[in-house]
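The values are calculated or read from the model by the stated rules, or taken from the named source; none is laboratory data. Note that the coordinates shown come from a computational prediction; the quantities given were computed from them, not determined experimentally. Here the Cβ is made from the backbone with ideal geometry for all residues, glycine too, and neighbour counts use every protein chain on show. Quick note on the areas: whole protein, heavy atoms, side chains included, nothing else; ligands and nucleic acids left out. Shrake-Rupley method; radii C 1.70, N 1.55, O 1.52, S 1.80 Å.
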Protein chains: 2
Amino acid sequence: MTATSIDELCINTMRFLAVDAVEKAKSGHPGTPLGAAPMAYVLWDRFLKHNPADPKWVNRDRFVLSCGHASAMLYALLYLTGYDLLLEEIKQFRQWGSRTPGHVEYGTTPGVETTTGPLGQGFANGVGMAIAERSLAEHYNQPDHEIIDHYTYAIVSDGDLQEGVASEAASLAGTLRLGKLIYLYDDNDVSIEGSTSIAFAENVAQRFQAYGWHVVGPIDGMDIPSVESAIKMAQAAEGRPSLIICHTIIGYGSPNKAGTSAAHGEPLGAEETRLTKENLRWPYQEPFTVPPEVLAHFRQARERGSRWQEEWQVRMETYHMAYPEEARQLDEELRGDLLPDWDRELAVLFSDNEGPIATRETSGRVMNAIAKRIHSFTGGSADLAPSTRTLLREYGSYGFDEYRGHNMHFGVREHAMGAIANGMALHGGIIPYTGTFLIFYDYMRPPVRLAALMGIRVVYIFTHDSIGLGEDGPTHQPVEQLIGLRSVPGLVTIRPADAHETVEAWKVAIEHRDGPTALVLSRQKLPVLDQTELAPAAGLRRGGYILWEAAQPPDVIIIGTGSEVHIALESGKILQEKGVSARVVSLPSWELFDAQPEEYRHEVLPPDIGVRVSIEAASPLGWERYVGVEGIAIGLSRFGASAPGEVIYEKLGLDAHHVAAEAEKLLRRKI
Amino acid sequence: MTATSIDELCINTMRFLAVDAVEKAKSGHPGTPLGAAPMAYVLWDRFLKHNPADPKWVNRDRFVLSCGHASAMLYALLYLTGYDLLLEEIKQFRQWGSRTPGHVEYGTTPGVETTTGPLGQGFANGVGMAIAERSLAEHYNQPDHEIIDHYTYAIVSDGDLQEGVASEAASLAGTLRLGKLIYLYDDNDVSIEGSTSIAFAENVAQRFQAYGWHVVGPIDGMDIPSVESAIKMAQAAEGRPSLIICHTIIGYGSPNKAGTSAAHGEPLGAEETRLTKENLRWPYQEPFTVPPEVLAHFRQARERGSRWQEEWQVRMETYHMAYPEEARQLDEELRGDLLPDWDRELAVLFSDNEGPIATRETSGRVMNAIAKRIHSFTGGSADLAPSTRTLLREYGSYGFDEYRGHNMHFGVREHAMGAIANGMALHGGIIPYTGTFLIFYDYMRPPVRLAALMGIRVVYIFTHDSIGLGEDGPTHQPVEQLIGLRSVPGLVTIRPADAHETVEAWKVAIEHRDGPTALVLSRQKLPVLDQTELAPAAGLRRGGYILWEAAQPPDVIIIGTGSEVHIALESGKILQEKGVSARVVSLPSWELFDAQPEEYRHEVLPPDIGVRVSIEAASPLGWERYVGVEGIAIGLSRFGASAPGEVIYEKLGLDAHHVAAEAEKLLRRKI
């Protein structure tokens, strides 16, 4: 058997494992596996440095399947090359509880580097992985000690390249000259509505050249030697990311569906599957057939992988001896561990008698203190660092000053920022953060959701969190973004009330390893809550706590978050003067509070105290959970306005006298 | 006084009106007005066909200020050219209740064509306007009767071009060969974090050429003859949109801030303002000075505008005589009026004994029926038309078959789709719709929000609305998107339960003139609710209604929306068999229901019936409003899973027996 024919046999095995899996599941996407199997095969067989026995090996090449709907192709590769994934599991494709879901999911299947499906995300995740690789390499590699040195590859589709998030990420990758980023573009000219020409007539090569990429092709993406030499050219083009334009045929081999959108998103059907197998001279009509010689060929990946990893392990041991301190730190960062006293700098950031201070400003101080203790703390803002206060003053600009810099300049690209930060977290060795105004969460909802779905540690900083931002007006004033954050399963959202709570919020965020955290911060200055008179801010860790009360038991409960805690407090004191005993609860995080034992929640919000008013400068939607249907949730059921912040607060009834009056009204109704 | 010097005087007047407005407001953006005033002046003085006396003149050129933060410059132009905006109002810049908000707002200030501020939106809105212009021109213009024939201009900034939404819209504009779209790119090399080179090193000219645009420049954007000849070149380049790259200096003239990010987003300060005025040889230190000769020069716009509009009016009258039917229809469409019996085709779309049918499928039939009666009904999908069922079968593809086509192919570009649809609505003469999966609402949140803020009629169709979509898994299964839609002030969200409710939902959407509507539709088939046994679907217009009840008064209320109404109904019947009297409420639209008089709401959900269970295959957040804190909201507080839809429903407890059991549990607790 010649080399070519084993290659073809391997490629057809991948194709038909995918086709058969889709056929058995009665749903899925056969078109891309049929067309893209050759390029995926060449990459995995000739280039990809990975070890199926240890999918978490630090220095492996990363592979992103940005067109996540081609999942069956990746599952085939994972099974064939010997990851912990059985053929039986491919037969359970898209079934409840299986490790082979419809779109690839990080954490579900070993060897899947990121969750993809929503197009463009994987493209940007890969950019984040390449950024992380370069950052770690610059920090840790030493002359003759190349500890971190791997490629990030992806297969990207027509759909990926049409999404804005990919454009944003591509422009940034070009600016940052990420030479070890190599993307194979599965250019099959077909998307769901038909030929891409109806909506996508651009010159992709020219566009990527404009971004500063090295473009190879178009090549015949189904021709093995062409793909092989293109990847070599891409590797040789140091200092620029590469896009290899691979012409392929969607649904290749299917006599009646190839080259059409009919091949994209539904099973070929039994008869068409039979014809396709015949047409591609695949002798096995029996589904899920894997010829032994094919399995043997693919499984060499395990041997190669072990060798690569062992070689690296030797280098790592030498490195440990030569640079013990760096090696220890690198190990720690790759594990994502923190020093036991990582937060020791956070105690001394401001004095108790300091005047009012915006929570974004405290956050900035906290971040600069964190950076001194957590070397892997790296991130940036979507061109708003001076406003979001996210600059780490002593740590340089990544890519601009040097690749050792910790400050990313994402440009005005919130969506890519989120997806790139996800990629950095997925790579490991980095604790990433992002910064923008809360309103622009709307520009980056998909990556925040995906981080929550993947359970990865990313800190999203959202400042300018309400109408309190003032004159910029309703286009910049969030109303529904806070409930938006709270609605994402697995995301922890914290809106601290003052400097002390902001410090506590950052502690929670950094220690929250298994999911993302959103920090919601004020533009405007806020008083510092007196830690002697009031309950300590450490109560934030429980999500909500009794901040102050006039007497026990209280007549009414006033609940606030963030900047409105101060209004709540003031209203409590107004009520006190009127002889009404109020309890003021600070509720910075619904998720943390809801996770407390019922006993604690009832201690803070006793069920028998039904007179409750909440105040938050945001949509009141969802507040019924805490104030009850008979309570009053003061908030904004409309958009904001352009005016000084304090004027808007007053005009829209977000003030202590209004809160107190509503509480009294409720009390009277009860009596 | 030479021609040049009046030009300079005019430009400096614009500059200092903006600078003084920012100074007085103590907040705002002086940098762009100082640098971009010359290009804006040349465009408005030499090219823009508009009539300040009638900002709604149909055939005016459209002008979009995509960098909405440069609002003060536009207010200066509007005042100076004689729109209904006084100098006094410019002095009220960014104050409560003024018509000169921080970012330009459609509907607030006459002459403002769209609300901008969130970057990239205006860029894409302009593309929508140009699409609408071309569509109307193709439909209505006749030989020798050019009724619709205008340009769409915009000033776009570095920030706009970095945003993915602009990339998406640019690629589509190139594909569609929108020759009457002319954008001036204010290329000042500075954004908030400093030089754009730190994040934006791409070759913009080459990128836009790749999209199929005609690129002029870079030119000196502050040189009047250069801008003038560039716009002429752009006009001459028919068949391709044009980007004129204008090099400018941010904060031009400011001795200490020009060319730096310090000029961007804060007042220059009194002393720097003084120095800048001196430096630009502006003799008036008194704020808000408008030399009489400048006002006289600008105000010629009124005369020119009246003449243009009168000439057009004459053409329109001739057209009315030659093509009375077309003229009548055009007038009607431009007013956005509907025929009294516009919905007459909707009664006969399916038979009552038709089997189960997905609401997306009914929606597709409704849309095709609507298209027969509403000629201006135009839209499309983000490459999902076969799945969203949004294709108008008899109406061609816009730009591909012909520009008369009603079907837009937006490509895999949800964000631009939303913003382009907004632009189409803003232009007038079109009732636009968009289509994608509900999960991809996350990709297009900003334009949906802006449509709600602007109060414009756009119908957003979101199909595949729950875990019911099945095997595609959690990346494609919405959980928090429904509460997301409901949280946007001014947006009407409707999730119909069956074919009949879908017809009613479309009626509401089309008749909802002063804001957008989101239609949330199932992928899976749903039974058709029996209109003889159950309450008529017309109840949908009130947002919620009693669909069925075993007896009155009921013991329990079961509330459902969309596909879960059928589960609610089944649970009601299970309870009936057990001797428990249940009322089943269909609640397809919270906004419509909450807008009903209290009397009606209490009729449907009587306060004294506290035993309530809701079921919705989405985040239960916010449901406390209808079930009370003691009621039970059955939903999803987690992400979905990849499996057949019915399996996921069962595994996650979304079934009638669970609903009935929860209701019984509540009942027992009450007793």
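Answer yes or no as to whether A:Ala130 is assigned to a helix (DSSP H, G or I) and open to solvent by 10 Å² or more (accessible area, probe 1.4 Å).
Numbers: assigned to a helix (DSSP H, G or I): yes; open to solvent by 10 Å² or more (accessible area, probe 1.4 Å): no.
Judged against the criteria, A:Ala130 is not a match.
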Notebook entry, point to check: Can you tell me how many residues in the range B:384-397 are in contact (Cβ under 8 Å) with a residue 60 or more places away in the chain and more than 20 Å from A:Asp189 (Cβ to Cβ)?
Noted result: 3
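Would you mind stating whether B:Val165 is closer than 26 Å to B:Met417 by Cα and of a type in the set (Val, Ile, Thr)?
Details: closer than 26 Å to B:Met417 by Cα: yes; of a type in the set (Val, Ile, Thr): yes.
So B:Val165 passes the test.
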Item checked: Subset of the range A:628-663 (residues that are within 9 Å of another protein chain (Cβ to nearest Cβ), under 35 Å from the mean Cα position of the chain (by Cα) and aliphatic (A, V, I, L, M)) -> A:Leu636, A:Ala641, A:Ala643, A:Ile648
Notebook entry, point to check: Regarding B:Thr115, is this residue crowded, with 24+ Cβ neighbours inside 10 Å and assigned by TED's automatic domain parsing to the domain that holds B:Gly221?
Noted result: yes
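Answer yes if at least one residue in the range A:166-184 is more than 14 Å from chain B (Cβ to nearest Cβ), surrounded by fewer than 24 Cβ atoms within 10 Å (Cβ to Cβ) and over 23 Å from A:Pro447 (Cβ atoms), and no otherwise. Break it down stepwise before answering.
Residues of the range A:166-184 more than 14 Å from chain B (Cβ to nearest Cβ): A:179-184.
Pick out the ones that are also surrounded by fewer than 24 Cβ atoms within 10 Å (Cβ to Cβ) and you get A:179-180.
Still in the list and also over 23 Å from A:Pro447 (Cβ atoms): A:179.
Checking the range A:166-184: at least one residue is more than 14 Å from chain B (Cβ to nearest Cβ), surrounded by fewer than 24 Cβ atoms within 10 Å (Cβ to Cβ) and over 23 Å from A:Pro447 (Cβ atoms).
From A:Glu332, A:Glu325, A:Glu394, A:Glu345, grab the single residue that is assigned to a loop (DSSP other than H, G, I, E, B) and out of contact with any strand residue (DSSP E or B) (no Cβ under 9 Å at 6 or more places or on another chain).
Among A:Glu332, A:Glu325, A:Glu394, A:Glu345, only A:Glu394 is assigned to a loop (DSSP other than H, G, I, E, B) and out of contact with any strand residue (DSSP E or B) (no Cβ under 9 Å at 6 or more places or on another chain).
Could you please let me know if B:Pro38 is of a type outside the set (D, E, K, R), in contact (Cβ under 8 Å) with a residue 40 or more places away in the chain, in contact with a helix residue (DSSP H, G or I) (Cβ under 7 Å, 6 or more places away or on another chain) and within 21 Å of B:Ala263 (Cα to Cα)? Give the steps one after another, and end with the answer.
Values: of a type outside the set (D, E, K, R): yes; in contact (Cβ under 8 Å) with a residue 40 or more places away in the chain: yes; in contact with a helix residue (DSSP H, G or I) (Cβ under 7 Å, 6 or more places away or on another chain): yes; within 21 Å of B:Ala263 (Cα to Cα): yes.
In short, yes.
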Item checked: Residue ID - least open to solvent (accessible area, probe 1.4 Å), chosen from residues in the range A:189-235 that are of a type in the set (Asp, Glu) and modelled with pLDDT of 95 or more -> A:Glu202
Margin query: Go through (1) of a type in the set (Gly, Ala, Ser); (2) at the interface with chain A (Cβ under 9 Å from one of its Cβ atoms); (3) touching a Phe, Trp or Tyr at 6+ places or on another chain (Cβ under 9 Å) for B:Gly399 and report which single condition fails.
Written below: (3)
Item checked: Enumeration of residues in the range A:83-103 that are surrounded by 19 or more Cβ atoms within 10 Å (Cβ to Cβ) and either away from chain B (no Cβ under 14 Å) or under 15 Å from the mean Cα position of the chain (by Cα) (or both) -> A:Tyr83, A:Leu85
Next item on the list: Give me a count of the residues in the range B:400-425 that are open to solvent by 10 Å² or more (accessible area, probe 1.4 Å) and farther than 15 Å from A:Ile198 by Cβ.
Entry: 3
Margin query: Looking only at the range A:150-162, how many residues end up being touching a Lys or Arg at 6+ places or on another chain (Cβ under 8 Å), farther than 11 Å from A:Gly120 by Cβ and either within 12 Å of chain B (Cβ to nearest Cβ) or open to solvent by 10 Å² or more (accessible area, probe 1.4 Å) (or both)?
Written below: 1
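Open to solvent by 20 Å² or more (accessible area, probe 1.4 Å), hydrophobic (A, V, I, L, M, F, W, C) and within 31 Å of the chain's Cα centre (by Cα): does that describe B:Val314? Talk me through it step by step, then tell me what you get.
Working: open to solvent by 20 Å² or more (accessible area, probe 1.4 Å): yes; hydrophobic (A, V, I, L, M, F, W, C): yes; within 31 Å of the chain's Cα centre (by Cα): no.
Judged against the criteria, B:Val314 is not a match.
Take the conditions open to solvent by less than 30 Å² (accessible area, probe 1.4 Å) and in a helix (DSSP H, G or I) and apply them to A:Phe123. Does it pass? So that I can check it myself, show each step before the final result.
Values: open to solvent by less than 30 Å² (accessible area, probe 1.4 Å): yes; in a helix (DSSP H, G or I): yes.
Against the criterion (open to solvent by less than 30 Å² (accessible area, probe 1.4 Å) and in a helix (DSSP H, G or I)), A:Phe123 qualifies.
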Next item on the list: Could you list all residues from the range B:428-438 that are assigned to a helix (DSSP H, G or I) and open to solvent by 10 Å² or more (accessible area, probe 1.4 Å)?
Entry: none
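Kindly check whether there is at least one residue in the range A:455-466 that is at the interface with chain B (Cβ under 9 Å from one of its Cβ atoms), open to solvent by 10 Å² or more (accessible area, probe 1.4 Å), modelled with pLDDT of 95 or more and outside any helix (DSSP H, G or I).
no
Please indicate, with yes or no, whether at least one residue in the range A:467-475 is in contact with a Phe, Trp or Tyr (Cβ under 8 Å, 6 or more places away or on another chain), within 9 Å of another protein chain (Cβ to nearest Cβ), assigned to a loop (DSSP other than H, G, I, E, B) and farther than 24 Å from A:Glu511 by Cα. Spell out the reasoning first.
Our first condition is that a residue be in contact with a Phe, Trp or Tyr (Cβ under 8 Å, 6 or more places away or on another chain); within the range A:467-475, this holds for A:467-469, A:474.
Narrowing the set further to residues that are within 9 Å of another protein chain (Cβ to nearest Cβ) leaves A:474.
Within this subset, residues satisfying the condition of being assigned to a loop (DSSP other than H, G, I, E, B) are A:474.
Okay, now just the ones that are also farther than 24 Å from A:Glu511 by Cα, so A:474.
Scanning the range A:467-475 turns up at least one residue that is in contact with a Phe, Trp or Tyr (Cβ under 8 Å, 6 or more places away or on another chain), within 9 Å of another protein chain (Cβ to nearest Cβ), assigned to a loop (DSSP other than H, G, I, E, B) and farther than 24 Å from A:Glu511 by Cα.
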Margin query: Take the residues in the range A:13-29 that are farther than 13 Å from A:Pro287 by Cβ and crowded, with 24+ Cβ neighbours inside 10 Å; name whichever of them is nearest to the other protein chains (Cβ to nearest Cβ).
Written below: A:Gly28
Next item on the list: Answer with yes or no whether B:His103 is in a helix (DSSP H, G or I) and assigned by TED's automatic domain parsing to the domain that holds B:Asp158.
Entry: no
Check: Restricting attention to the range A:348-390, and to residues there that are outside any loop (DSSP other than H, G, I, E, B) and open to solvent by 40 Å² or more (accessible area, probe 1.4 Å), which single residue is nearest to A:Val565 (Cα to Cα)?
Finding: A:Glu361
